[in-house]
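Before any comments, here is the structure.
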Amino acid sequence: MRRRIAVPIGLVLLLVLLQVACTDSQLTKAAKASDDIAVSISLAIDVKRSLAMSIPPLITPEEELALTLALQRVNTATMLFKEKAMTFKTLDANTKTALLPLFQTITASVTELNNQGILGIKNQDAKAKVALVLTSLSAALATIQSVLMGGA
Amino acid sequence: MAILLALLPQLIQFVPVFVAAIAHIKAQSGMTTDQIFAAAGLVLDANNQKLVDDLKRLGYI
């Protein structure tokens, strides 16, 4: 179980880290980071389900519900960001300004995922597993932040 | 050398991670920006469906 979860989470971390060094355009970096966030959410769903359905369950139905709702908010925020970003052909000052509030909604929803979803998990092993996915999410968000606010 | 041999079983378990990571990066590298966005959209849509299914299972909706 631990290895099955560590393998895909390590995959996402690795591909996010490798993409930081590439020479893609800013819009392509944002696209890849959006894809990475999507994959991270998918992994989080799988981790959540496996924790809920293990015998005995490692998270309660209430904890799973909190996680599910929080993940849905992150997923929806990412969808909105992706749909707006893909209407642009390049990222300049104007398009970055348009994307910034949508990006901030993603970061706020991830903070909510941590505060209302992850921190509430009583089983420490389960909490650590879900928190690991949050790490990969945060790494992808850092890429988008550097694109929107920096020179990356 | 002894340390490497001791770590080998732990490192080997990550070989699939690296292989899968390289495959994913290669797949993304071969895509246009639009294609990457489209791929992200497919995953996000699938995520949403899974989450809705989970909310139904949990009796929330």
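Bear in mind these aren't lab numbers, they're just calculated from the coordinates by the rules spelled out. Since this is a predicted model, take the numbers as computed values, not measurements. Reconstructed Cβ throughout: ideal geometry from the backbone, glycine too, with neighbour counts over all protein chains shown.
Going through the cross-link list A:LYS32/B:LYS26; A:LYS32/A:LYS96; A:LYS48/B:LYS50; A:LYS129/B:LYS26; A:LYS82/B:LYS50; A:LYS127/B:LYS56, which pairs have a Cα-Cα distance over 21 Å in this structure? Kindly include the intermediate steps, with their values, before the conclusion.
Working: A:LYS32/B:LYS26 12 Å; A:LYS32/A:LYS96 16 Å; A:LYS48/B:LYS50 11 Å; A:LYS129/B:LYS26 27 Å; A:LYS82/B:LYS50 19 Å; A:LYS127/B:LYS56 23 Å.
Flagged as over cut-off: A:LYS129/B:LYS26; A:LYS127/B:LYS56.
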(message) Can you compute 3J(HN,Hα) from phi for each residue in the stretch A:58-69, using the Karplus curve 6.51 cos²θ - 1.76 cosθ + 1.60 with θ = phi - 60°, rounded to whole Hz and x for Gly and Pro?
(response) 9, 10, 7, x, 5, 5, 5, 4, 4, 5, 5, 5
(request) Give, rounded to the nearest 20 debye, the magnitude of the charge dipole that the stretch A:44-124 has about its Cα centre when Lys and Arg contribute +1 at Cβ and Asp and Glu contribute -1 at Cβ. (result) 240
(message) Through the Karplus equation 6.51 cos²θ - 1.76 cosθ + 1.60, θ set to phi - 60°, convert the phi angles of the stretch A:74-85 into ³J(HN,Hα) values in whole Hz; use x for Gly and Pro.
(response) 5, 4, 5, 4, 5, 4, 5, 4, 4, 5, 6, 4
(request) Among the trypsin sites (Lys or Arg not before Pro) in the stretch A:109-152, which ones are in a DSSP loop with at most 12 other Cβ atoms within 10 Å of the Cβ? Mind listing them? (result) A:LYS122
